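To start, the structure under review is shown below, and the notes come after it.
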Amino acid sequence: SQKIEQNSEALNIQEGKTATLTCNYTNYSPAYLQWYRQDPGRGPVFLLLIRENEKEKRKERLKVTFDTTLKQSLFHITASQPADSATYLCALFMDTGRRALTFGSGTRLQVQP
Amino acid sequence: DTEVTQTPKHLVMGMTNKKSLKCEQHMGHRAMYWYKQKAKKPPELMFVYSYEKLSINESVPSRFSPECPNSSLLNLHLHALQPEDSALYLCASSQEGVSNQPQHFGDGTRLSIL
């Protein structure tokens, strides 16, 4: 069956450093992969979407890569700030027939001042 | 503020009660979703409505009954829930139910079953 794994349950880094979060999936080759941010007690907020034929996508201090050979996406936050502390979720459609997102387990990022 | 509004924000109910969760969006989105989220877990899909028709039911127990009265509204009717049903219930919408579109989430209803 399809699995989506985010390797780190939690990641602690110092302010100003680059945070790198990993999302791995098995079996299926999605056409798109999405990243969301979730703060405690709030719903997820969409951050970035990347297509299978895009190697990299950027938005301000955020960068996402998508390696369909490795079946992996990396999510980078450069010049991290304490306000970036949150849980980050990757998500993809499991198969073309189901038409619904499945989320990875999430990585809880803590940026220390 | 989110563009998807969920009410109530908190709900405490007994196992014999009947209650409803409500979700509203005015972005003209034609796909709407219910998710259940337990603490420190990702959201788990429950139902998908596409153009006001139920398109996915993830084998959810019948004590949860979704309803889509119109393209802007989504309800989740609750009856005879169990303590393990206590969770954050999230509503989301997207332009259409396809993979290249982001989903917009509300902030959820925190449900506690006594």
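The values are calculated or read from the model by the stated rules, or taken from the named source; none is laboratory data. Just so you know, these numbers come straight off a predicted model, no measurement behind them. Here the Cβ positions follow ideal geometry from the backbone for every residue, glycine too, while neighbour counts run over all protein chains shown. To get the accessible areas, we keep the full protein, side chains included, count just its heavy atoms, and leave off ligands, DNA and RNA. Shrake-Rupley method; radii C 1.70, N 1.55, O 1.52, S 1.80 Å.
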Cross-link partners among lysines for residue A:55, C-alpha distance below 20 Å, same-chain residues fewer than 8 apart left out?
A:63, A:71
Leaving out ligands and nucleic acids, note down the accessible area per residue over chain A with a 1.4 angstrom probe, in whole Å².
50
With +1 at each Lys and Arg Cβ and -1 at each Asp and Glu Cβ, the charge dipole magnitude of chain B around its Cα centre, to the nearest 20 debye, comes out at 360
Give me the distance between the Cα centres of the range A:6-21 and the range B:1-25, rounded to whole Å.
34
Checking the cross-link filter: which lysines have an alpha carbon closer than 27 Å to that of residue B:19, excluding same-chain neighbours under 8 positions apart?
B:9, B:36, B:38, B:40, B:41, B:53
Whole-number D in µm²/s for chain B (Stokes-Einstein; Kirkwood sum over Cα pairs; 20 °C, 1.002 mPa s)
153
Taking 4 °C and 1.567 mPa s as the conditions, I'd like the Stokes-Einstein D for the protein assembly as shown in µm²/s, using the Kirkwood hydrodynamic radius from alpha carbon pairs.
71
Around residue A:57 (Cβ within 11 Å, Cβ-to-Cβ, excluding residue A:57; K/R +1, D/E -1) the net charge comes to +3
Environment charge of residue A:32, counting only residues whose C-beta is closer than 10 Å and scoring Lys/Arg +1, Asp/Glu -1
-1
Aspartates and glutamates near residue A:17 by alpha-carbon distance under 18 Å, same-chain residues fewer than 8 away left out - which ones?
A:60, A:84
Can you tell me how chain A classifies by the Cα gyration tensor, rounded, prolate or oblate, using a/c under 1.5 as the rounded cut?
prolate
I'm checking a number: the convex hull volume of the Cα atoms of the range B:66-114, normalised per residue, in Å³. What is it?
94
List the cysteines in the protein assembly as shown whose Cβ has no other cysteine Cβ under 4.7 Å from it.
B:68
